[in-house]
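Participant: Dropping a structure here in structure tokens format, bear with me for questions.
The values are calculated or read from the model by the stated rules, or taken from the named source; none is laboratory data. It should be emphasised that the depicted structure is a prediction, and the values quoted were computed from it without experimental measurement. With ideal geometry, Cβ positions are generated from the backbone for all residues, glycine too; neighbour counts draw on all protein chains shown. Note: areas computed on protein heavy atoms with side chains; ligands, DNA, RNA excluded. Shrake-Rupley method; radii C 1.70, N 1.55, O 1.52, S 1.80 Å.
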Amino acid sequence: GAGVSQSPSNKVTEKGKDVELRCDPISGHTALYWYRQSLGQGLEFLIYFQGNSAPDKSGLPSDRFSAERTGGSVSTLTIQRTQQEDSAVYLCASSLGPDERQYFGPGTRLTVT
Amino acid sequence: AQTVTQSQPEMSVQEAETVTLSCTYDTSESDYYLFWYKQPPSRQMILVIRQEAYKQQNATENRFSVNFQKAAKSFSLKISDSQLGDAAMYFCAYRSADQGAQKLVFGQGTRLTINP
């Protein structure tokens, strides 16, 4: 079956603009995760959804970052007023449920100029 | 907070040889999971192997095996009969067994090169 998909694959934006990154999990997966991969910070957890709720959003680096999930499926990560330090690859993963294997998407490479 | 350390930024091995990637972690928990993920240039993270901390037996998946030393908090990955397709970044990761803690904590990664 189809894996986790993310769009866009690459995004270049100007400093100060807002961006939305999309994640389509594997069908039937109730859990969804966002991670960020940057040269300086490595791979960091951002937020975890179970269904449409986010029991753990401890990794969101600032209030410019928000995420939502609707219908227990698609998730959108929004970054407002982007800064150059937001440049990174944003990875999404999903799992059948808590404690299950996490399957990753190919990521969105965000470049803030 | 848990931390994961990979002390080898880069490793290289001849094709068909064996290579071991190191990983240490720090935690005060007694129950947890450890993982090795592979990230090829396509960026997609692929699970290589998983180990439950309560299991003493080391996990094995075909050419990939781990040496899990719980007391030493060490979790190394051995790749036997290395193949060109094994070239990638390898990440060690930790996850608590606490149901409320689903996040993976990653090490900094090791770039593995396979020499033909």
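Participant: Where residues in segment B:61-84 are more than 15 Å from residue B:14 (Cβ to Cβ), open to solvent by 50 Å² or more (accessible area, probe 1.4 Å) and of a type outside the set (Lys, Arg), which of them is nearest to the chain's Cα centre (by Cα)?
Facilitator: B:67
Participant: Limited to segment A:90-103, what total is found for residues that are assigned to a strand (DSSP E or B) and either open to solvent by 10 Å² or more (accessible area, probe 1.4 Å) or over 24 Å from residue B:93 (Cβ atoms) (or both)?
Facilitator: 1
Participant: Here is a further query. Enumerate the pairs (first residue in segment A:34-48 and on the phi > 0 side of the Ramachandran plot; second residue anywhere and not in a loop (DSSP other than H, G, I, E, B)) with beta-carbon separation below 7 Å, excluding pairs fewer than 6 apart on the same chain, so at least 6 apart or on different chains.
Facilitator: Close Cβ pairs (under 7 Å, with a partner that is not in a loop (DSSP other than H, G, I, E, B)) amount to A:42/B:106.
Participant: So, residue A:85, is that one within 27 Å of residue B:41 (Cβ to Cβ), open to solvent by 80 Å² or more (accessible area, probe 1.4 Å) and among the charged types (D, E, K, R) or not? Explain how you work it out, then say what you get.
Facilitator: Numbers: within 27 Å of residue B:41 (Cβ to Cβ): yes; open to solvent by 80 Å² or more (accessible area, probe 1.4 Å): yes; among the charged types (D, E, K, R): yes.
Yes; evaluated as a whole, the condition is true for this residue.
Participant: Residue A:9 passes all but one of (1) among the small types (Gly, Ala, Ser); (2) more than 11 Å from chain B (Cβ to nearest Cβ); (3) more than 27 Å from residue B:97 (Cβ to Cβ); which number fails?
Facilitator: (2)
Participant: For residue A:45, all conditions in the list (1) open to solvent by 50 Å² or more (accessible area, probe 1.4 Å); (2) closer than 17 Å to residue A:104 by Cβ hold save one; what is the number of the exception?
Facilitator: Here residue A:45 meets the rest and fails (1).
Participant: Can you spot a residue in segment B:49-59 that is in a loop (DSSP other than H, G, I, E, B), out of contact with any Gly (no Cβ under 9 Å at 6 or more places or on another chain) and surrounded by 17 or more Cβ atoms within 10 Å (Cβ to Cβ)?
Facilitator: yes
Participant: Which one of the conditions (1) at pLDDT 95 or above; (2) within 29 Å of residue B:51 (Cα to Cα); (3) among the hydroxyl-bearing types (Ser, Thr, Tyr); (4) surrounded by fewer than 18 Cβ atoms within 10 Å (Cβ to Cβ) does residue A:58 fail to meet, given that it meets all the rest?
Facilitator: Status for residue A:58: all satisfied but (1).
Participant: Please find, among B:88, B:101, the residue that is small (Gly, Ala, Ser) and more than 8 Å from every other protein chain (Cβ to nearest Cβ).
Facilitator: B:88
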